[in-house]
Amino acid sequence: PVLYSQFGGNILPNDILRALKAVGFDDVCDEAYICEVVGFLIERYTREHKTAGLPFISSLCPVVIRLIQKRFHDLIPLIIPIEAPREVAARELKQRYAKKLGVSEEEIAVVYITPCSAKINAIKFPPTRERSHLDSAIAIKEVYGLIVRELMEMKERELVDEEFYLRASGAGFSWAMSGGEIAEFGFTSSIAVSGIRNVIRILEDIDRGRFKNLDCIALRACEEGCLGGN
């Protein structure tokens, strides 16, 4: 979802996906849609499972997961045990295309485009699983120029493409912002916290038994969420 924010309001997300495919990928997947699917699963899980008066913690930010694993061991059971959208998307894509093409899943390469160095590192060293479903990652800055060039060529040719890759609504796009992940959930009470210093302070408070009246906390290491990252 962060990728869509880099091109201004006049460029539609589907145009960005079309340009991305034209750069050289065989297909593209709109992760914002997977965010919505995962959001539905998170809402159902938190409704069916209750903690002992303590809030659930989002598993989206790999920096937060590493921090809890290293400094707040007692809070590990509070992490929502649902894979991040990037992993869910990669797993589903590999299964789908392996079946469609009649090949093994190992022959399908899924590449993640992200501005986040922590998510790139999480592909090499996953914080919650032995091996990532993703094969590699490319920083947004590495493909930005290619996408801009392709968008300009599409405009000049007035290219009409019937392929529609975008599946998400506004809810999926909002996951890039602090608080966007939990905005659509039916929680009675929840908070979003961004910035690593604020995150540490909140985790310390939870570890001391505070915030028992909250249903869920969404923590992001970067100020303002993924949109405020590098």
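The values are calculated or read from the model by the stated rules, or taken from the named source; none is laboratory data. Since the model is a prediction, treat every value here as computed from it, not as a measurement. Positions of Cβ are generated from backbone atoms using ideal geometry, with glycine treated the same way; all protein chains shown enter the neighbour counts. The area values use the complete protein model at the heavy-atom level, side chains included, leaving out ligands, DNA and RNA. Shrake-Rupley method; radii C 1.70, N 1.55, O 1.52, S 1.80 Å.
The Rg/Rh ratio for the range 173-230, using Cα coordinates for both the radius of gyration and the Kirkwood hydrodynamic radius, is 0.99. Over 19 Å between Cα atoms: which of 100/124; 119/141; 21/141 fall into that group? The answer is 100/124.
Could you work out the relative contact order of the range 1-138? I mean the mean sequence separation of Cα pairs under 8 Å and 6+ apart, divided by the number of residues, in percent.
21 percent
Cα convex hull, the range 1-50: 94 Å³ per residue, rounded to a whole number. Modelled spin labels at residue 100 and residue 11, positioned 7 Å past Cα toward Cβ, are 2.5 nm from each other.
Using the crude model of +1 on Lys and Arg Cβ and -1 on Asp and Glu Cβ, and no other charge, please compute the dipole size for the chain relative to its Cα centre, in debye to 20. Intermediate values should be presented prior to the final figure.
Details: 29 positive and 33 negative charges, 189 e Å.
It comes to approximately 900 debye.
Evaluated with a Cβ-only charge set (Lys, Arg +1; Asp, Glu -1), the range 112-230 carries a dipole of roughly 660 debye about its Cα centre, given to the nearest 20. The residues packed around residue 149, meaning those with a beta-carbon under 12 Å from its beta-carbon, carry a net charge of -2 if Lys and Arg are +1 and Asp and Glu are -1.
Quick one: go through the range 187-219 and flag any residue whose amide nitrogen is under 20 Å from the point 7 Å out along the Cα-to-Cβ line of residue 50. Under 20 Å, as judged by backbone N against the label point of residue 50, lie 187-191, 209-217 of the range 187-219. Only Lys, Arg, Asp and Glu carry charge here, each on its Cβ (+1 for the first two, -1 for the last two); on that basis the range 78-167 has a dipole of about 380 debye about its Cα centre. May I ask for the longest run of the chain untouched by GluC sites (Glu not before Pro) that are loop-located per DSSP and have at most 12 neighbouring C-beta atoms (other than their own) within 10 Å? It works out to 1-129. Could you please state how large a percent of the accessible area of the chain is carbon and sulfur, counting protein chains only and using a 1.4 Å probe? After summing per-atom areas, the C and S share lands at 50 percent.
May I ask you to derive the FRET efficiency for residue 148 and residue 109 from their Cβ-Cβ distance with R0 = 22 Å, giving the value to the nearest 0.05? Show your work: numbers first, answer last.
Working: r = 24 Å, r/R0 = 1.11.
Working from the Cβ atoms, E equals 0.35.
Compared with the direct C-alpha span, the chain from residue 69 to residue 197 gains 44.4 nm at full extension, assuming 0.36 nm per residue.
Ranking 14, 206, 93 by how far each Cα lies toward the positive end of the dipole of the chain (charges on Cβ) leaves 206 at the top.
Run the helix sum for the chain: -39,500 (n - 2.57) per DSSP H stretch of 4+ residues, divided by residue count, reported at 222 nm to the nearest 500 deg cm²/dmol.
On the way: 8 runs with 98 residues, N = 230.
It comes out at -13500 deg cm²/dmol, rounded to the nearest 500.
The chymotrypsin sites (Phe, Trp or Tyr not before Pro) of the range 122-230 that DSSP puts in a loop, and whose beta carbon has at most 12 other beta carbons within 10 Å, are 164.
Return one whole number: the accessible area per residue of the chain in Å², for a 1.4 Å probe.
Details: 12680 Å² over 230 residues.
Value for the chain: 55 Å² per residue.
Calculated translational diffusion coefficient of the range 44-199 (10 °C, 1.306 mPa s; Stokes-Einstein with Kirkwood radius over alpha-carbon pairs) equals 86 µm²/s.
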